[in-house]
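*Asks:* The structure follows.
FYI, it's all coordinate maths here, none of it is from the lab. Since the structure is predicted, the reported quantities are computational estimates derived from the model, not experimental observations. All Cβ positions, even for glycine, are placed from backbone atoms using ideal geometry, and neighbour counts span all protein chains on display.
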Amino acid sequence: MKTILAVDDSAVIRLYFEESLKETDYAILTAKDGNNALQQIEKSENPIDAFIIDIIMAGMDGLTLIRHIRQLKNYRDTPIMVLTSLSDPSSVEEARSAGANCWVNKPFEIEQVLSALDKLF
């Protein structure tokens, strides 16, 4: 079972991931912002196999979090999916430059996320 860390400042979206991924081959961890995500990474007993990260969050935003993750020795190559309402080409390029592997726009269906995760693995 692969472990996914979903980082989003929306409690509704975090709960949606927890509920939607129960019946899949993924274990889900959630974090409310970048700082909370880094704490989750530190305390996780098992390695995190992929990240789903919102870009616009209070505190540490998603791009900053992606850059931090890419500096961690064990997570330099871990798949990162960006999940956001931003869709302009410059935002997509900035996320890719930071280290994101794929992009899913909000609003989204869980099937889009699962399909993107399948492609990442």
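*Asks:* 5 Å is the cut-off here: which amide hydrogens, built 1.01 Å from N in the peptide plane, fall below it relative to residue 82, excluding neighbours closer than 5 in sequence?
*Replies:* 53, 101, 102, 103, 104
*Asks:* Moving on to the next point. Determine which lysines satisfy two conditions relative to residue 73: a Cα distance under 24 Å, and not lying fewer than 8 residues away in the same chain.
*Replies:* 2, 32, 43, 119
*Asks:* How charged is the neighbourhood of residue 82? Take every other residue with its Cβ under 12 Å from the Cβ of residue 82, and add Lys/Arg as +1 and Asp/Glu as -1.
*Replies:* Its environment carries a net charge of -3.
*Asks:* Can you give the FRET efficiency to the nearest 0.05 for residue 20 and residue 73, using r as the Cβ-Cβ distance and R₀ = 22 Å?
*Replies:* The pair residue 20/residue 73 has a calculated efficiency of 0.10.
*Asks:* Could I ask something else about it? What per residue convex hull volume, in Å³, do the alpha-carbon atoms of the stretch 2-120 yield?
*Replies:* Enclosed volume per residue, from the Cα hull, is 93 Å³.
*Asks:* Only Cα pairs under 8 Å and at least 6 apart count here; give the relative contact order of the chain as a rounded whole percent. Please report the intermediate quantities before stating the final value.
*Replies:* Values: 196 pairs, mean separation 26.2, N = 121.
Reported as a whole number, the value is 22 percent.
*Asks:* Still on this structure, please answer the following. Please give the charge dipole size of the chain, origin at the Cα centre, charges +1 on K and R Cβ atoms and -1 on D and E Cβ atoms. Round to the nearest 20 debye. Present the calculation step by step, with values, prior to reporting the outcome.
*Replies:* Values: 12 positive and 19 negative charges, 82 e Å.
Roughly 400 debye, rounded to the nearest 20.
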